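A short worksheet on the structure shown next.
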Amino acid sequence: MIEVSTDVAIVGAGTAGLNARREVQRAGKRWVLIESGVYGTTCARVGCMPSKLLIAAAEVARTASSAGEFGIGIAPEAIRVDGAAVMARVQRERDRFVGLVRKDVEALPAELRFHGAARFVGPTELSIDDRVRVRAQAVVIATGSRPTVPEVLRGLGELLLTTDTLFELRELPRSLAVFGTGAIGLELGQAMQALGVRVAFFNPLDELAGFSDPEVARRFRAYVTERYELALGYKELKIERTGAGCSIRCRDSAGQHHEGQFERVLSAAGRTPNLEALQLKAAGPGLELDERGGPRFDPETMQCGTTPLFIAGDASSRGTVLHEAVDEGAAAGANAARFPAIDRIHRRVPLRIGFTDPRVAVLGQRYAEAKQRAIVIGESSYEDQGRARVIAQAHGHVRVYVDRASGALVGAELFGPGVEHSAHLLAWAVGTRTPMAELLRLPVYHPTLEEGIRTALRDAARQLSDAERCPAADRGSSPGL
Ligand SMILES: Cc1cc2nc3c(=O)[nH]c(=O)nc-3n(C[C@H](O)[C@H](O)[C@H](O)COP(=O)(O)OP(=O)(O)OC[C@H]3O[C@@H](n4cnc5c(N)ncnc54)[C@H](O)[C@@H]3O)c2cc1C
């Protein structure tokens with residue numbers, strides 16, 4: 001058994017773990033980095049980057065299919081999606097991203113990097129595959145998460161895909177059943193359909209894209225239902241293996257019958273934190289576990305109870321996204337290095353974006369949270385929005401929530417063209433607590449998709465007291481609005 005003593009042991013060399021390591025180093029403390037899988041991070045290998053590469057190909061196909069709308073004749077038969085070439089580009093570019101991360105990790109001193117699964121054998125003592133014993137002053141748990149596969153899909157063998165295997169395909173399947181209608185399921189299923197794959201979505205819950213605002217949810221659902229096959233709130237689900245694939249039958253929440261034959265099935269039903277292998281109970285009674293077996297921790301410091309253990313990224317089950325995994329990793333690393341003198345983390349305004357068709361975003365306080373206080377709701381539709389019509393993407397809706405007491409924007413839920421960009425402007429306005437009057441004095445160029453969010457902000461401002469209303473100089477409406 002090799003014995004190692006260090007200041008901070010970091011378990012997991014993903015985005016959160018690597019950012020934790022950097023902070024420990026910056027604080028001048030000793031560290032070791034333990035990784036049980038391959039280097040390269042979930043984001044680059046099987047997450048953000050390969051999914052966006054697939055979506056990029058889908059968007060080219062969508063643009064080509066809509067060329068006729070602009071008077072540009074591309075016969076449908078002239079649009080040929082070469083599935084092997086699409087996947088080859090996804091894999092080539094993905095490998096490039098992974099290679100960059102690997103290079104950085106492999107540049108770290110080899111004697112401080114350990115390969116193997118870590119588990120606790122004491123409060124801050126870890127065993128790595130029973131070969132190495134690490135004694136640390138503090139530990140950062142940054143073990144990430146893995147795709148959850150619901151019970152109903154477990155017998156599907158090689159037909160079943162998850163986001164860990166989807167991007168390895170050499171060809172596109174002819175048909176795909178997607179289980180899960182959150183951002184990831186929708187992103188991937190919609191992209192596949194644009195690339196010519198026959199797709200149907202299934203969810204035992206009546207949920208789509210995670211909106212809490214009933215009006216935004218209703219309109220998004222109407223858009224998606226018109227263009228995609230959806231079995232939401234399914235009951236009486238029957239999945240049977242057939243020759244080359246499987247048949248799926250069910251009834252949705254509206255009683256409508258769905259039946260189809262599918263070559264592959266994608267499980268996009270959420271993610272499970274990688275915590276079991278850590279055997280957290282061995283960290284001692286100071287570490288309190290929740291009902292799911294995860295450590296109770298303070299999201300303002302990432303500290304688990306009063307222990308020298310810190311958690312970050314997807315391992316924390318908070319539904320992390322990449323920029324939060326970076327922040328949490330950095331905070332966990334810095335606090336582990338200076339323990340017991342820990343600092344509070346600077347939490348950014350919550351921002352979730354789905355690279356769906358069309359884009360979805362939820363930011364700041366969601367409707368469900370914002371409506372607990374006195375708010376006014378401003379809204380606007382993209383159906384008659386100038387730039388959205390110009391580009392023939394006039395679908396979408398935005399609802400902004402403005403606090404009556406402060407006259408400041410506190411959150412928004414929206415979908416529509418360009419939303420991945422305009423949602424940032426709203427999130428920044430929430431973060432800077434800019435009063436409405438000031439916000440509406442800022443420039444918005446014409447004709448842009450950002451005019452859509454300004455219309456919603458003006459709608460909210462009109463409902464506020466005189467003092468908060470948009471100033472006269474900004475009242476003139478741009479043509480097309
Ligand atoms: C398909 C998909 C698309 C996504 N798209 C986006 C997006 O567009 N934007 C966005 O912000 N986020 C996106 N995400 C989420 C984002 O990728 C994750 O939030 C982020 O990568 C989590 O980083 P992490 O460091 O927590 O985990 P990881 O990068 O998974 O790192 C955890 C590491 O810990 C290792 N490990 C686990 N257990 C042990 C153990 N016992 N001992 C040692 N090592 C261990 C694992 O092997 C792994 O390398 C997406 C995710 C997926 C799956």
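Among the criteria (1) assigned to a loop (DSSP other than H, G, I, E, B); (2) within 26 Å of residue 87 (Cβ to Cβ), the one residue 211 does not fulfil is (2).
When segment 213-238 is filtered for residues that are in contact with a helix residue (DSSP H, G or I) (Cβ under 7 Å, 6 or more places away or on another chain) and of a type in the set (Ser, Thr, Tyr), only 228 remains. Among the residues of segment 142-152, some residue qualifies, meaning at least one is within 30 Å of residue 342 (Cβ to Cβ) and either out of contact with any helix residue (DSSP H, G or I) (no Cβ under 6 Å at 6 or more places or on another chain) or surrounded by fewer than 18 Cβ atoms within 10 Å (Cβ to Cβ) (or both).
Each residue in segment 247-290 was checked for being on the phi > 0 side of the Ramachandran plot and within 16 Å of the ligand (Cβ to nearest atom), and 2 pass.
You will find that of 338, 318, the residue that is within 30 Å of residue 362 (Cβ to Cβ) and surrounded by fewer than 18 Cβ atoms within 10 Å (Cβ to Cβ) is 318 and no other. I'd like the full set of residues that are within 16 Å of the ligand (Cβ to nearest atom), part of a loop (DSSP other than H, G, I, E, B) and of a type in the set (A, V, I, L, M), limited to segment 140-185. Of everything in segment 140-185, those that are within 16 Å of the ligand (Cβ to nearest atom), part of a loop (DSSP other than H, G, I, E, B) and of a type in the set (A, V, I, L, M) turn out to be 142, 149, 169.
Test residue 405 against the criterion of being surrounded by 17 or more Cβ atoms within 10 Å (Cβ to Cβ) and not in a strand (DSSP E or B), and give yes or no.
Working: surrounded by 17 or more Cβ atoms within 10 Å (Cβ to Cβ): no; not in a strand (DSSP E or B): yes.
In short, no.
Which one is farthest from the chain's Cα centre (by Cα) among residues in segment 261-274 that are surrounded by 16 or more Cβ atoms within 10 Å (Cβ to Cβ) and in a loop (DSSP other than H, G, I, E, B)? Among them, the one singled out is 263.
Rundown of residues vs (1) touching a Cys at 6+ places or on another chain (Cβ under 7 Å); (2) surrounded by fewer than 21 Cβ atoms within 10 Å (Cβ to Cβ); (3) of a type in the set (D, E, K, R), yes/no style:
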site	(1), (2), (3)
240	yes, yes, yes
258	yes, yes, no
276	no, yes, yes
287	yes, yes, no
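With respect to the stated conditions, residue 244 is closer than 30 Å to residue 198 by Cα, modelled with pLDDT under 95, outside any strand (DSSP E or B) and away from the ligand (no atom under 11 Å from the Cβ).
Among the conditions (1) buried (at least 21 other Cβ atoms within 10 Å of the Cβ); (2) more than 8 Å from the ligand (Cβ to nearest atom); (3) not basic (Lys, Arg), the only one that residue 369 does not satisfy is (1). Please determine, by comparing only the residues of segment 109-139 that are part of a loop (DSSP other than H, G, I, E, B) and surrounded by 14 or more Cβ atoms within 10 Å (Cβ to Cβ), which one is farthest from the ligand (Cβ to nearest atom). Within segment 109-139, the match that is farthest from the ligand (Cβ to nearest atom) is 123.
Look at segment 28-48: where a residue is on the phi > 0 side of the Ramachandran plot, no partner that is at pLDDT below 95 and more than 6 Å from the ligand (Cβ to nearest atom) sits 6+ places away or on another chain with Cβ atoms under 6 Å.
Taking segment 250-260 as the range and being part of a loop (DSSP other than H, G, I, E, B) and touching a residue at least 40 places away in the same chain (Cβ under 8 Å) as the test, only 253 passes.
Residues of segment 1-22 that are buried (at least 23 other Cβ atoms within 10 Å of the Cβ) and not aliphatic (A, V, I, L, M): 12, 14, 15, 17, 19, 21.
Sort out which residues of segment 183-199 are of a type outside the set (A, V, I, L, M) and in contact with a Leu (Cβ under 8 Å, 6 or more places away or on another chain), and write them in order of number. Lay out the reasoning, then the answer.
The initial filter retains those residues of segment 183-199 that are of a type outside the set (A, V, I, L, M), namely 185, 187, 189-190, 193, 196, 198.
Residues satisfying the conditions are 185, 189, 196, 198.
Only one entry in 69, 77 is in contact (Cβ under 8 Å) with a residue 12 or more places away in the chain, over 18 Å from residue 139 (Cβ atoms), exposed (fewer than 13 other Cβ atoms within 10 Å of the Cβ) and of a type in the set (D, E, K, R), namely 69.
The values are calculated or read from the model by the stated rules, or taken from the named source; none is laboratory data. Predicted model only: the values in this text are computed from it and were never measured. In this analysis, Cβ positions are derived from the backbone assuming ideal geometry, glycine residues included, and neighbour counts consider all displayed protein chains.
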